[in-house]
Amino acid sequence: MIQVVGAKYIRVYDSAEADKLYVIRNASGSSYAKQGNMIVVDYEAEDWEMKPMATNAKFEEALPVVLPGDCVYFPAGAWHHVCSLSATLSIKYLR
């Protein structure tokens, strides 16, 4: 991912942390849940007592803040949480 405009905060979790991230699996209903790669943890406003395992998930931060011109590599199978800190434009290349 290349950050073009604005700033983002990014956390990257190894695939081994999936059991702690409350992954939505085999969900029916919304197309969002059917992707199989979403989690129910809301890092901006979570009730951590309801999802205590997520607080123990190990992660790496992609720089303190990703700014225009910065590039971030997401390893295959890794989970990530992104928080836009301003209006942003990013370019992602999926392989």
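Observations
- Test for W48: is it touching a Phe, Trp or Tyr at 6+ places or on another chain (Cβ under 6 Å) and modelled with pLDDT under 90: no
- Test for P64: is it out of contact with any strand residue (DSSP E or B) (no Cβ under 7 Å at 6 or more places or on another chain), of a type outside the set (S, T, Y), surrounded by fewer than 15 Cβ atoms within 10 Å (Cβ to Cβ) and closer than 12 Å to Y9 by Cβ: yes
- Residues that are farther than 15 Å from K92 by Cβ and surrounded by fewer than 15 Cβ atoms within 10 Å (Cβ to Cβ) within the stretch 1-25 comprise D14, S15, A16, D19, R25, listed in sequence order.
- Those residues of the stretch 36-68 which are more than 12 Å from M1 (Cβ to Cβ), of a type in the set (G, A, S) and touching a residue at least 40 places away in the same chain (Cβ under 8 Å), in sequence order: A57
- Residues being loosely packed, with under 15 Cβ neighbours inside 10 Å and under 10 Å from K8 (Cα atoms) - total across the stretch 68-88: 6
- All conditions but one from (1) in contact with a Phe, Trp or Tyr (Cβ under 7 Å, 6 or more places away or on another chain); (2) of a type in the set (G, A, S); (3) free of Cβ contacts under 8 Å to residues at least 12 places away in the same chain apply to A76; the one that does not is (1).
- Single condition G29 does not satisfy, out of (1) surrounded by fewer than 10 Cβ atoms within 10 Å (Cβ to Cβ); (2) at pLDDT 85 or above: (2)
The values are calculated or read from the model by the stated rules, or taken from the named source; none is laboratory data. Note that the structure is a prediction, hence the values are computed from the model and not measured. Cβ atoms come from the backbone with ideal geometry, glycine included; neighbour counts cover every protein chain shown.
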